[in-house]
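Each remark here refers to the structure printed beneath this line.
The values are calculated or read from the model by the stated rules, or taken from the named source; none is laboratory data. This structure is a prediction, so every number in the text was calculated from the model and none was measured. Glycine gets a Cβ as well: all are built from the backbone with ideal geometry, and neighbour counts include every protein chain shown.
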Amino acid sequence: MGTVTARIPEDIASSLDDLAASTKRSKSFLVAEAIRVYLETHAWQVSRTMDSLAQADNGQFASQEQVKDAFEKLGLKLD
């Protein structure tokens with residue numbers, strides 16, 4: 001297990017104190033959980049972005065008709 005020290009604004013520190021007290025969880029637990037969720041979310045986004053860039057580099061683009069169909073499914077119309 002690692003240790004990280006961070007400076008956070010007073011309002012966030014206060015909110016963290018309140019949440020820790022109301023959930024009967026330690027501040028360390030809440031911070032670790034928040035970082036875990038953040039990392040999972042951003043790792044997924046970066047992975048999808050890298051996959052998309054690789055597809056674009058390989059010339060794999062959606063056709064104009066595929067784009068039009070996707071927009072129409074969302075209730076949008078391309079002119």
- Name, by its number, the condition in (1) at pLDDT 95 or above; (2) at negative phi that does not hold for LYS24. (2)
- Query: Given the chain, what helices (runs of 4 or more DSSP H) lie entirely inside it while holding 3 or more residues that are without any contact (Cβ under 8 Å) to a residue 24 or more places away in the chain, surrounded by 10 or more Cβ atoms within 10 Å (Cβ to Cβ) and of a type in the set (A, V, I, L, M)?
  - Reply: 10-23, 27-57
